[in-house]
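Structure first, commentary second.
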Amino acid sequence: MKSKTLWQAEMPVRLAGLALAVAPAAAWSRQQPNIILFMVDDMGWQDTSVPFWTERTALNGTFETPAMQRLADQGMLFTQAYAAPISSPSRCSLMTGANAARHHVTNWTLQRDTSTDLDDNDIVTPDWNVNGICQTAGIDHTFTARSFVDILRAGGYHTIHIGKAHWGAAGTPGERPEHFGFDVNIGGHAAGGPATYLSEQNYGHDAQGKPTTPMHTPGLEEYWQTGTFLTEALTQECLKQLDQARSDGRPFYLYMSHYAVHIPIDRDSRYYQKYRDKGLTEKEAAYAALIEGMDKSLGDILGWLDSNGEAERTIVIFMSDNGGLATNSYYRDPPLYMQNAPLRSGKGSLLEGGIRVPMIVRWPGMVAGGTRCDSYVMIEDFFPTLLEMAGVKHWHVPQHVDGRSFIPLLLQTGDPSQGRALIWNYPNVWGNDGPAISLNCAIRLGRWKLIYDYKTQEKNLYDIEQDISEQHDLAADRPDIVRQLSRRLGRELRRMKAQRPVRKADGKPCPWPDKTDN
């Protein structure tokens, strides 16, 4: 194949990183790959017609996502891709390569110096980094780090941000994507969700153009009152930026970060009636339409790559920032669109429904189409992986990078998940209902997963390979595994200087998981 010859010819330069250690722009070649990271907000593992399990589910038969199917047919589908249970921790790990236990942005951010934690009767949440991440030191309650985007731009990449950012609180440098190395920012700021997807409401602005809520989507004035759904407006802006990037003659990194499918569940009129005609309820149809509108955006971008001769030199990665919403008490009698089955629970939880997400990688000539990877990867792994894909061998950052490159999985040359422990720390109170929602931490090692509740000191053990739905707690049956994982989890949390909540009764930190009797 032509694409295989092209990519294999470039492999010594790209993957060995010869003379590509963040060199001046002139040293970089247009032969370097374009990279597109297509990030979806709050998309569940089953919110697609593409099956990420061993069998098709009812949800797979409900949604229509032909662009995702095309991407999977042409690339590698990851069945065990993980993120944090909430947006900001995931996105900060993406940008810094650091685990959330290390960067301390463990809940969602919005206003400067303001925690989003709800109160708990017995526990005080830790003094976490409520202002997010920042590339410059001196901002209180931030994690100082250099982003991989900044490294790519220093090496000659044209860097584009479209949509949701959610890395830093309002009024801090970290709220602006430009601060992290993006040449272009369309629609990104401190907010973690949209006020509305409807142009009839000016995406959260009044008639005079003033924001009516911190959740407004900035810019996009030309689409106000046009009937253009927010997902489509961002897609149109994306295609304009791709045209400009191609004319620059440089490789580009595009972060297409949709606000979809975050609430509110506004109706995308392009697809809504089709799902009503299928028999879905109004909210179910609106959610399914949100999903298909997102998929249409992916298809438009893939179409642009084809029509402009860029498909063979462009890596496309699909990912969600956390599990699908399934635990919000605002909704009564959760309908179809809030289920993540066979996974249990959803966004905000350390059960699989909150942290396991859909992920697909298309790398022409390097990754065989229609392949599946059952090894696990974590959101912080994108930092070293994308730099390696771009040919960057040497880079220097102030932070410790916990992520591991998953290129060996893509090329089927090794398995970096072997013997690796995945760590989650969520010592916060998000406020939604459901199991394993707040004040906990977790470890995944091989087939085993342990969840520890800081408040109650309860431990739950699951065999994920045999019990993907986490219905059978084996903690009482396998105390040996509980002890082993508790020790590893406690050691890793202390190594990363993770934070713990504090008991109101005596002012002492909650015990580490390996410092309890059970």
Inset, instruction - Enumerate the pairs (first residue in segment 242-266 and touching a residue at least 12 places away in the same chain (Cβ under 8 Å) and within 13 Å of Ile35 (Cα to Cα); second residue anywhere and β-branched (Val, Ile, Thr) and open to solvent by less than 40 Å² (accessible area, probe 1.4 Å)) with beta-carbon separation below 6 Å, excluding pairs fewer than 6 apart on the same chain, so at least 6 apart or on different chains. - result: Tyr253/Ile35; Tyr253/Thr159; Leu254/Ile36; Leu254/Ile160; Met256/Ile162
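A quick yes/no check of all residues on (1) over 20 Å from Pro89 (Cα atoms); (2) open to solvent by 10 Å² or more (accessible area, probe 1.4 Å); (3) in contact with a Lys or Arg (Cβ under 6 Å, 6 or more places away or on another chain):
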residue: Leu422; (1), (2), (3): no, no, yes
residue: Asn428; (1), (2), (3): no, no, no
residue: Gly431; (1), (2), (3): no, yes, no
residue: Trp448; (1), (2), (3): yes, yes, no
residue: Lys455; (1), (2), (3): yes, yes, no
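Every residue, every condition in (1) open to solvent by 10 Å² or more (accessible area, probe 1.4 Å); (2) polar (S, T, N, Q), yes or no:
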site	(1), (2)
Gln46	no, yes
Phe52	no, no
Glu55	yes, no
Ala58	yes, no
Gly61	yes, no
Thr65	no, yes
Met68	no, no
Met76	no, no
Pro85	no, no
Inset, instruction - Being of a type in the set (A, V, I, L, M, F, W, C) and in contact with a His (Cβ under 6 Å, 6 or more places away or on another chain) is the filter; apply it to segment 166-198 and report the residue that is nearest to Gly138 (Cα to Cα). - result: Phe182
Inset, instruction - Give me a count of the residues in segment 468-494 that are polar (S, T, N, Q), open to solvent by 90 Å² or more (accessible area, probe 1.4 Å) and in a loop (DSSP other than H, G, I, E, B). - result: 1
Inset, instruction - Scan segment 495-518 for residues that are farther than 18 Å from Lys459 by Cβ and in a loop (DSSP other than H, G, I, E, B) and jot them down. - result: Met496, Lys497, Gln499, Lys504, Ala505, Asp506, Gly507, Lys508
Inset, instruction - Determine which single condition Ile133 fails, assuming it passes every other condition in (1) open to solvent by 10 Å² or more (accessible area, probe 1.4 Å); (2) modelled with pLDDT of 95 or more. - result: (1)
Legend entry - Positions within segment 245-289 being farther than 21 Å from Gly156 by Cβ, modelled with pLDDT under 95, part of a helix (DSSP H, G or I) and open to solvent by 60 Å² or more (accessible area, probe 1.4 Å), in sequence order: Glu282, Lys283
Inset, instruction - Check segment 470-486 and report whether any residue there is among the hydrophobic types (A, V, I, L, M, F, W, C), closer than 13 Å to Pro513 by Cβ and in contact with a Pro (Cβ under 9 Å, 6 or more places away or on another chain). - result: yes
Inset, instruction - Please work out which residue is farthest from Arg483 (Cα to Cα), limiting yourself to segment 454-470 and to residues that are in contact (Cβ under 8 Å) with a residue 60 or more places away in the chain and β-branched (Val, Ile, Thr). - result: Ile468
Inset, instruction - Please work out which residue is farthest from Leu386 (Cα to Cα), limiting yourself to segment 283-310 and to residues that are small (Gly, Ala, Ser) and without any contact (Cβ under 8 Å) to a residue 60 or more places away in the chain. - result: Ala285
Legend entry - Selection count, segment 347-373, where residues are on the phi > 0 side of the Ramachandran plot and buried (at least 24 other Cβ atoms within 10 Å of the Cβ): 1
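The values are calculated or read from the model by the stated rules, or taken from the named source; none is laboratory data. Here the structure is a predicted model, which is why all the values come from computation and not from measurement. No Cβ is skipped: glycine too gets one built from the backbone with ideal geometry, and neighbour counts run over all protein chains shown. Note: accessible area is taken over every heavy atom of the protein model, side chains too, but ligands, DNA and RNA are not part of it. Shrake-Rupley method; radii C 1.70, N 1.55, O 1.52, S 1.80 Å.
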